[in-house]
Amino acid sequence: MQVPLLDLKAQFATIRDEVLEQVTEVLDTQRCIGGPKVEELEKQIAAYCGCKYAVGSSSGTDAILETLMSLNIGPGDEVVTTPFTFFATAGCIARTGAKIVFVDIDPATYNIDPALIEGAITDNTRAIMPVHLFGQMADMDSIMAIAGSHSLAVIEDACQSISSTYKGKKAGSIGTAGCFSFFPSKNLGGIGDGGMTVTNDEKLYEKLKVMRSHGQTGVYEHDFVGGNFRLDPIQAAALLVKLPHLDDWSGRRRKNAAYYDKKFAGTPVQTPYISDDNVSIYNQYVIRVPRRDEVLAHLRASDIGCAVYYPTGLHLQECFASLGYKEGDFPNTEKASSEVMALPVYPELTDEMKDFVVETILTFLS
Ligand SMILES: *Cc1c(COP(=O)(O)O)cnc(C)c1O
(Lines give C-alpha, C1' and ligand atoms only; values in the text may rest on other atoms or scores of the structure.)
Protein backbone atom coordinates (compact mmCIF):
# COMPACT_ATOMS: atom_id res chain seq x y z
CA MET A 1 0.00 0.00 0.00
CA GLN A 2 1.14 3.52 -0.77
CA VAL A 3 0.25 6.36 1.59
CA PRO A 4 1.39 9.78 0.39
CA LEU A 5 1.91 12.62 2.87
CA LEU A 6 -0.65 14.59 0.90
CA ASP A 7 -2.88 13.74 -2.06
CA LEU A 8 -4.02 16.90 -3.81
CA LYS A 9 -5.43 14.93 -6.74
CA ALA A 10 -7.94 13.15 -4.48
CA GLN A 11 -9.34 16.46 -3.29
CA PHE A 12 -9.32 18.10 -6.73
CA ALA A 13 -11.33 15.21 -8.19
CA THR A 14 -14.26 16.15 -5.91
CA ILE A 15 -14.42 19.81 -7.07
CA ARG A 16 -12.91 19.66 -10.55
CA ASP A 17 -15.95 20.83 -12.54
CA GLU A 18 -16.69 23.77 -10.23
CA VAL A 19 -13.08 24.94 -10.26
CA LEU A 20 -12.90 24.75 -14.04
CA GLU A 21 -16.15 26.71 -14.31
CA GLN A 22 -14.96 29.48 -11.95
CA VAL A 23 -11.53 29.71 -13.57
CA THR A 24 -13.09 29.78 -17.04
CA GLU A 25 -15.19 32.75 -15.93
CA VAL A 26 -12.02 34.68 -15.09
CA LEU A 27 -10.51 33.77 -18.45
CA ASP A 28 -13.63 34.66 -20.42
CA THR A 29 -14.03 38.04 -18.72
CA GLN A 30 -10.28 38.71 -18.85
CA ARG A 31 -10.41 40.38 -15.43
CA CYS A 32 -6.90 39.06 -14.85
CA ILE A 33 -5.81 41.49 -12.08
CA GLY A 34 -8.02 42.13 -9.04
CA GLY A 35 -11.70 42.17 -9.89
CA PRO A 36 -14.85 40.55 -8.50
CA LYS A 37 -13.40 37.12 -7.61
CA VAL A 38 -10.71 38.65 -5.41
CA GLU A 39 -13.19 41.01 -3.77
CA GLU A 40 -15.68 38.21 -3.15
CA LEU A 41 -13.03 35.97 -1.60
CA GLU A 42 -11.86 38.82 0.64
CA LYS A 43 -15.42 39.40 1.79
CA GLN A 44 -16.00 35.69 2.48
CA ILE A 45 -12.70 35.16 4.33
CA ALA A 46 -13.26 38.24 6.50
CA ALA A 47 -16.75 37.01 7.39
CA TYR A 48 -15.50 33.46 7.96
CA CYS A 49 -12.81 34.68 10.38
CA GLY A 50 -15.08 37.13 12.17
CA CYS A 51 -12.99 40.10 11.00
CA LYS A 52 -14.07 43.35 9.41
CA TYR A 53 -11.50 43.42 6.63
CA ALA A 54 -9.40 41.13 4.44
CA VAL A 55 -6.81 41.94 1.79
CA GLY A 56 -5.69 39.27 -0.67
CA SER A 57 -1.99 38.93 -1.44
CA SER A 58 0.35 37.03 -3.71
CA SER A 59 1.44 34.53 -1.01
CA GLY A 60 1.46 33.97 2.72
CA THR A 61 4.97 35.37 2.76
CA ASP A 62 3.83 38.56 1.02
CA ALA A 63 0.86 38.85 3.38
CA ILE A 64 3.29 38.90 6.31
CA LEU A 65 5.74 41.24 4.56
CA GLU A 66 3.17 43.80 3.47
CA THR A 67 1.54 43.72 6.91
CA LEU A 68 4.87 44.50 8.59
CA MET A 69 5.53 47.23 6.01
CA SER A 70 2.04 48.70 6.50
CA LEU A 71 2.68 48.87 10.25
CA ASN A 72 5.82 50.93 9.45
CA ILE A 73 8.12 48.30 10.93
CA GLY A 74 11.67 48.73 9.65
CA PRO A 75 15.28 49.53 10.55
CA GLY A 76 15.80 50.16 14.26
CA ASP A 77 12.73 48.14 15.22
CA GLU A 78 12.61 44.69 16.79
CA VAL A 79 10.03 41.95 16.30
CA VAL A 80 9.74 39.02 18.73
CA THR A 81 8.98 35.61 17.22
CA THR A 82 9.73 31.88 17.40
CA PRO A 83 12.67 30.06 15.79
CA PHE A 84 10.55 26.91 15.32
CA THR A 85 8.61 27.86 12.20
CA PHE A 86 8.77 28.03 8.43
CA PHE A 87 11.48 30.35 7.17
CA ALA A 88 9.10 33.07 5.91
CA THR A 89 8.10 34.18 9.42
CA ALA A 90 11.58 35.42 10.20
CA GLY A 91 12.59 36.09 6.60
CA CYS A 92 9.90 38.79 6.30
CA ILE A 93 11.06 40.53 9.49
CA ALA A 94 14.61 40.60 8.14
CA ARG A 95 13.48 41.98 4.77
CA THR A 96 11.89 45.03 6.44
CA GLY A 97 15.28 45.83 8.00
CA ALA A 98 13.93 45.18 11.51
CA LYS A 99 15.81 42.93 13.94
CA ILE A 100 14.49 39.42 14.63
CA VAL A 101 14.37 38.55 18.33
CA PHE A 102 13.75 34.85 18.88
CA VAL A 103 12.29 33.28 22.00
CA ASP A 104 11.91 29.55 22.61
CA ILE A 105 8.77 27.44 22.27
CA ASP A 106 6.54 25.61 24.70
CA PRO A 107 7.66 21.99 24.14
CA ALA A 108 4.09 20.65 24.42
CA THR A 109 2.40 22.88 21.81
CA TYR A 110 5.49 23.89 19.75
CA ASN A 111 4.18 27.48 19.86
CA ILE A 112 6.01 30.52 21.25
CA ASP A 113 6.27 30.35 25.06
CA PRO A 114 4.56 33.51 26.37
CA ALA A 115 6.48 33.27 29.66
CA LEU A 116 9.68 34.08 27.75
CA ILE A 117 8.40 37.04 25.71
CA GLU A 118 8.60 39.72 28.42
CA GLY A 119 12.34 39.12 28.85
CA ALA A 120 12.92 39.70 25.13
CA ILE A 121 11.20 43.10 24.99
CA THR A 122 13.34 46.24 24.72
CA ASP A 123 12.65 49.92 23.98
CA ASN A 124 12.91 49.04 20.28
CA THR A 125 10.33 46.24 20.25
CA ARG A 126 7.41 47.08 17.98
CA ALA A 127 5.60 43.80 17.46
CA ILE A 128 5.17 40.18 18.51
CA MET A 129 4.63 37.61 15.75
CA PRO A 130 3.25 34.35 17.18
CA VAL A 131 2.99 31.45 14.73
CA HIS A 132 0.02 29.10 15.05
CA LEU A 133 2.06 26.02 14.24
CA PHE A 134 0.70 22.78 12.77
CA GLY A 135 -2.91 24.02 13.02
CA GLN A 136 -3.03 24.96 16.72
CA MET A 137 -3.14 28.58 17.83
CA ALA A 138 -0.64 30.07 20.26
CA ASP A 139 -1.62 31.18 23.79
CA MET A 140 -3.22 34.41 22.57
CA ASP A 141 -4.58 35.74 25.90
CA SER A 142 -1.09 35.84 27.40
CA ILE A 143 0.41 37.28 24.21
CA MET A 144 -2.25 40.00 23.91
CA ALA A 145 -1.79 40.95 27.58
CA ILE A 146 1.97 41.41 27.12
CA ALA A 147 1.45 43.32 23.86
CA GLY A 148 -1.16 45.54 25.50
CA SER A 149 1.09 46.47 28.41
CA HIS A 150 3.92 47.49 26.01
CA SER A 151 1.74 48.94 23.18
CA LEU A 152 3.01 46.38 20.68
CA ALA A 153 1.34 45.16 17.49
CA VAL A 154 0.56 41.45 17.26
CA ILE A 155 0.80 39.84 13.85
CA GLU A 156 -0.55 36.31 13.84
CA ASP A 157 1.30 34.08 11.39
CA ALA A 158 -1.77 31.93 10.77
CA CYS A 159 -0.42 30.45 7.53
CA GLN A 160 -0.94 26.91 8.87
CA SER A 161 -4.11 27.56 10.78
CA ILE A 162 -6.99 29.16 8.92
CA SER A 163 -10.23 27.99 10.64
CA SER A 164 -8.61 26.81 13.87
CA THR A 165 -9.87 28.44 17.07
CA TYR A 166 -8.63 29.63 20.47
CA LYS A 167 -11.38 30.05 23.09
CA GLY A 168 -13.87 30.06 20.24
CA LYS A 169 -12.10 32.82 18.28
CA LYS A 170 -10.80 32.14 14.78
CA ALA A 171 -7.11 32.26 13.90
CA GLY A 172 -6.14 35.69 12.63
CA SER A 173 -8.96 37.51 14.40
CA ILE A 174 -7.34 38.27 17.77
CA GLY A 175 -4.17 40.22 17.00
CA THR A 176 -3.67 43.48 15.12
CA ALA A 177 -3.67 41.39 11.95
CA GLY A 178 -3.58 37.75 10.88
CA CYS A 179 -1.85 36.35 7.81
CA PHE A 180 -2.89 33.28 5.82
CA SER A 181 -1.20 31.23 3.11
CA PHE A 182 -3.01 29.47 0.27
CA PHE A 183 0.07 27.49 -0.77
CA PRO A 184 -1.39 24.29 -2.30
CA SER A 185 -0.32 22.04 0.59
CA LYS A 186 -1.95 24.22 3.28
CA ASN A 187 -5.35 23.13 4.58
CA LEU A 188 -7.00 25.78 2.40
CA GLY A 189 -4.77 25.60 -0.66
CA GLY A 190 -5.05 27.35 -4.00
CA ILE A 191 -3.86 26.09 -7.37
CA GLY A 192 -0.68 28.12 -7.01
CA ASP A 193 0.59 30.82 -4.64
CA GLY A 194 -1.76 33.07 -2.71
CA GLY A 195 -2.30 34.64 0.70
CA MET A 196 -4.42 37.04 2.71
CA THR A 197 -4.29 39.42 5.68
CA VAL A 198 -7.31 39.91 7.94
CA THR A 199 -7.73 42.78 10.40
CA ASN A 200 -10.29 44.85 12.29
CA ASP A 201 -8.15 48.00 11.97
CA GLU A 202 -9.57 50.22 9.24
CA LYS A 203 -6.42 52.33 8.84
CA LEU A 204 -4.27 49.23 8.44
CA TYR A 205 -6.75 47.83 5.92
CA GLU A 206 -6.62 50.99 3.80
CA LYS A 207 -2.83 50.99 3.92
CA LEU A 208 -2.57 47.32 2.92
CA LYS A 209 -4.70 47.94 -0.16
CA VAL A 210 -2.32 50.67 -1.30
CA MET A 211 0.80 48.75 -0.22
CA ARG A 212 -0.01 45.81 -2.49
CA SER A 213 0.03 48.09 -5.55
CA HIS A 214 3.37 49.83 -5.10
CA GLY A 215 2.06 52.31 -2.54
CA GLN A 216 0.23 53.99 -5.40
CA THR A 217 -2.16 56.51 -3.83
CA GLY A 218 -3.22 58.22 -7.08
CA VAL A 219 -2.47 57.68 -10.77
CA TYR A 220 1.33 57.25 -10.78
CA GLU A 221 1.52 58.98 -7.42
CA HIS A 222 3.35 57.14 -4.65
CA ASP A 223 3.29 58.31 -1.03
CA PHE A 224 5.36 55.37 0.15
CA VAL A 225 7.19 52.38 -1.31
CA GLY A 226 5.04 49.26 -1.62
CA GLY A 227 5.27 46.25 -3.88
CA ASN A 228 3.28 44.04 -6.20
CA PHE A 229 1.59 41.89 -3.57
CA ARG A 230 -1.70 41.24 -5.37
CA LEU A 231 -3.74 38.02 -5.22
CA ASP A 232 -4.28 36.39 -8.62
CA PRO A 233 -8.01 36.19 -9.49
CA ILE A 234 -7.53 32.65 -10.81
CA GLN A 235 -6.43 31.69 -7.31
CA ALA A 236 -9.41 33.54 -5.84
CA ALA A 237 -11.72 31.66 -8.23
CA ALA A 238 -10.40 28.26 -7.09
CA LEU A 239 -10.45 29.28 -3.43
CA LEU A 240 -14.08 30.41 -3.67
CA VAL A 241 -14.92 26.82 -4.62
CA LYS A 242 -12.82 25.37 -1.79
CA LEU A 243 -13.77 27.66 1.10
CA PRO A 244 -17.28 26.19 1.60
CA HIS A 245 -15.62 22.75 2.08
CA LEU A 246 -13.07 23.95 4.64
CA ASP A 247 -15.00 23.05 7.80
CA ASP A 248 -15.76 19.58 6.46
CA TRP A 249 -12.12 19.02 5.49
CA SER A 250 -10.90 20.29 8.88
CA GLY A 251 -13.36 17.96 10.61
CA ARG A 252 -12.02 15.00 8.67
CA ARG A 253 -8.46 15.93 9.57
CA ARG A 254 -9.52 16.00 13.23
CA LYS A 255 -11.12 12.56 12.88
CA ASN A 256 -7.95 11.19 11.34
CA ALA A 257 -5.92 12.72 14.18
CA ALA A 258 -8.26 11.22 16.81
CA TYR A 259 -7.88 7.82 15.10
CA TYR A 260 -4.09 8.00 15.31
CA ASP A 261 -4.26 9.33 18.91
CA LYS A 262 -6.22 6.25 19.96
CA LYS A 263 -3.99 3.75 18.16
CA PHE A 264 -0.79 5.30 19.54
CA ALA A 265 -2.06 5.56 23.13
CA GLY A 266 0.22 3.66 25.51
CA THR A 267 3.00 3.26 22.91
CA PRO A 268 6.38 5.05 22.70
CA VAL A 269 4.85 7.41 20.10
CA GLN A 270 4.08 10.82 21.58
CA THR A 271 0.95 12.23 19.93
CA PRO A 272 0.15 15.96 19.52
CA TYR A 273 -0.94 17.88 22.62
CA ILE A 274 -3.89 20.17 21.94
CA SER A 275 -4.80 22.45 24.85
CA ASP A 276 -8.40 22.66 26.07
CA ASP A 277 -8.61 26.25 24.78
CA ASN A 278 -7.88 25.15 21.22
CA VAL A 279 -9.49 23.41 18.29
CA SER A 280 -6.70 22.32 15.94
CA ILE A 281 -7.16 21.83 12.22
CA TYR A 282 -4.06 19.59 12.05
CA ASN A 283 -2.42 21.24 9.09
CA GLN A 284 0.21 18.69 10.13
CA TYR A 285 -0.08 15.71 12.49
CA VAL A 286 3.21 15.81 14.34
CA ILE A 287 4.47 13.02 16.59
CA ARG A 288 7.66 12.55 18.60
CA VAL A 289 9.36 9.19 18.37
CA PRO A 290 12.53 7.57 19.65
CA ARG A 291 15.13 6.98 16.85
CA ARG A 292 13.24 9.48 14.68
CA ASP A 293 15.55 9.37 11.65
CA GLU A 294 15.43 5.55 11.52
CA VAL A 295 11.63 5.65 11.70
CA LEU A 296 11.56 8.19 8.86
CA ALA A 297 13.75 6.02 6.67
CA HIS A 298 11.68 2.93 7.45
CA LEU A 299 8.41 4.68 6.58
CA ARG A 300 9.83 5.98 3.33
CA ALA A 301 11.04 2.51 2.42
CA SER A 302 7.48 1.32 3.10
CA ASP A 303 5.97 3.89 0.69
CA ILE A 304 4.57 6.06 3.48
CA GLY A 305 4.98 9.80 3.09
CA CYS A 306 6.40 11.65 6.07
CA ALA A 307 8.35 14.84 6.71
CA VAL A 308 10.14 16.85 9.38
CA TYR A 309 8.80 20.31 10.16
CA TYR A 310 11.38 21.69 10.97
CA PRO A 311 14.79 20.01 11.12
CA THR A 312 16.71 23.18 12.10
CA GLY A 313 15.75 26.11 14.31
CA LEU A 314 15.88 29.37 12.39
CA HIS A 315 18.37 30.79 14.92
CA LEU A 316 20.93 28.35 13.49
CA GLN A 317 20.41 29.30 9.81
CA GLU A 318 23.47 30.71 8.09
CA CYS A 319 21.56 33.76 6.82
CA PHE A 320 20.82 34.84 10.40
CA ALA A 321 24.37 34.28 11.70
CA SER A 322 24.84 38.02 12.25
CA LEU A 323 22.17 37.89 14.97
CA GLY A 324 24.72 35.99 17.07
CA TYR A 325 22.62 33.04 18.20
CA LYS A 326 24.31 29.70 18.83
CA GLU A 327 23.46 26.09 19.48
CA GLY A 328 21.95 25.67 22.95
CA ASP A 329 20.18 29.06 22.94
CA PHE A 330 16.72 27.54 22.43
CA PRO A 331 16.77 24.02 23.91
CA ASN A 332 13.05 23.28 23.37
CA THR A 333 13.30 24.21 19.70
CA GLU A 334 16.46 22.17 19.22
CA LYS A 335 15.04 19.12 20.97
CA ALA A 336 11.84 19.30 18.93
CA SER A 337 13.86 19.63 15.71
CA SER A 338 15.54 16.32 16.42
CA GLU A 339 12.45 14.40 17.56
CA VAL A 340 9.39 15.46 15.55
CA MET A 341 7.95 14.02 12.37
CA ALA A 342 4.67 14.55 10.52
CA LEU A 343 2.37 11.75 9.33
CA PRO A 344 -0.25 11.83 6.57
CA VAL A 345 -3.47 13.39 7.95
CA TYR A 346 -5.16 14.79 4.83
CA PRO A 347 -8.99 14.56 4.71
CA GLU A 348 -9.26 11.80 2.09
CA LEU A 349 -7.08 9.31 4.04
CA THR A 350 -8.82 5.94 4.60
CA ASP A 351 -8.84 3.83 7.77
CA GLU A 352 -6.81 1.15 5.94
CA MET A 353 -4.14 3.73 5.16
CA LYS A 354 -4.02 4.98 8.75
CA ASP A 355 -3.82 1.39 10.05
CA PHE A 356 -0.90 0.73 7.72
CA VAL A 357 0.92 3.82 8.97
CA VAL A 358 0.36 2.89 12.63
CA GLU A 359 1.34 -0.76 12.17
CA THR A 360 4.47 0.13 10.23
CA ILE A 361 5.66 2.47 12.97
CA LEU A 362 4.77 0.25 15.92
CA THR A 363 6.23 -2.90 14.35
CA PHE A 364 9.47 -1.05 13.69
CA LEU A 365 9.71 0.32 17.22
CA SER A 366 8.94 -3.01 18.96
C1 LIG B 1 3.50 28.43 4.50
C2 LIG B 1 3.93 29.36 5.57
C3 LIG B 1 4.28 30.69 5.30
C4 LIG B 1 4.44 31.24 3.92
O5 LIG B 1 3.38 31.07 3.07
P6 LIG B 1 3.62 31.02 1.46
O7 LIG B 1 2.25 31.13 0.93
O8 LIG B 1 4.29 29.73 1.15
O9 LIG B 1 4.45 32.20 1.11
C10 LIG B 1 4.59 31.50 6.37
N11 LIG B 1 4.57 31.05 7.64
C12 LIG B 1 4.24 29.79 7.93
C13 LIG B 1 4.22 29.35 9.36
C14 LIG B 1 3.92 28.89 6.91
O15 LIG B 1 3.64 27.62 7.22
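Contact map, the range 200-216: first residue on the phi > 0 side of the Ramachandran plot, second residue open to solvent by 40 Å² or more (accessible area, probe 1.4 Å), Cβ cut-off under 7 Å, separation 6 or more or different chains; pairs are His214/His222; His214/Asn228; Gly215/His222; Gly215/Asp223; Gly215/Phe224; Gly215/Val225. Of the helices (runs of 4 or more DSSP H) that lie entirely inside the range 60-152, those containing 2 or more residues that are within 14 Å of the ligand (Cβ to nearest atom) and closer than 26 Å to Pro184 by Cβ span 60-70, 87-96. All of (1) outside any helix (DSSP H, G or I); (2) open to solvent by less than 50 Å² (accessible area, probe 1.4 Å); (3) without any contact (Cβ under 8 Å) to a residue 60 or more places away in the chain hold for Leu296 with one exception: (1).
Being within 22 Å of Phe84 (Cβ to Cβ), open to solvent by less than 50 Å² (accessible area, probe 1.4 Å), assigned to a helix (DSSP H, G or I) and of a type in the set (Phe, Trp, Tyr) is true for just one of Tyr310, Tyr260. Which residue is that? Tyr260 is the lone residue from the list that is within 22 Å of Phe84 (Cβ to Cβ), open to solvent by less than 50 Å² (accessible area, probe 1.4 Å), assigned to a helix (DSSP H, G or I) and of a type in the set (Phe, Trp, Tyr).
Residue count for the range 206-243, restricted to those that are open to solvent by 40 Å² or more (accessible area, probe 1.4 Å) and outside any loop (DSSP other than H, G, I, E, B): 9. Checked against (1) open to solvent by 20 Å² or more (accessible area, probe 1.4 Å); (2) over 21 Å from Leu68 (Cβ atoms); (3) assigned to a loop (DSSP other than H, G, I, E, B), Ser163 passes all but condition (1). Pairing each residue of the range 39-51 that is without any contact (Cβ under 8 Å) to a residue 40 or more places away in the chain with any residue that is among the hydrophobic types (A, V, I, L, M, F, W, C), provided the two are 6+ apart or on different chains, yields C-beta distances under 9 Å for Glu39/Ala236; Lys43/Ala54; Ala47/Ala54. Only one of the listed residues (Gly194, Gly168, Gly190, Gly178) is away from the ligand (no atom under 11 Å from the Cβ), open to solvent by less than 10 Å² (accessible area, probe 1.4 Å) and at pLDDT 95 or above. That residue is Gly178. Just name the residue that is surrounded by the fewest Cβ atoms within 10 Å (Cβ to Cβ) out of those in the range 42-59 that are small (Gly, Ala, Ser) and in a helix (DSSP H, G or I). My answer is Ala47. Evaluate the range 63-75: report whether one residue or more is among the polar types (S, T, N, Q) and over 19 Å from the mean Cα position of the chain (by Cα). Yes.
The values are calculated or read from the model by the stated rules, or taken from the named source; none is laboratory data. Fair warning: this is a prediction, and the values are worked out from it, not measured in the lab. Please note: Cβ atoms are built from the backbone with ideal geometry, for glycine as well, and neighbour counts cover all protein chains shown. Heavy atoms of the whole protein, side chains included, go into the accessibility calculation; ligands, DNA and RNA do not. Shrake-Rupley method; radii C 1.70, N 1.55, O 1.52, S 1.80 Å.
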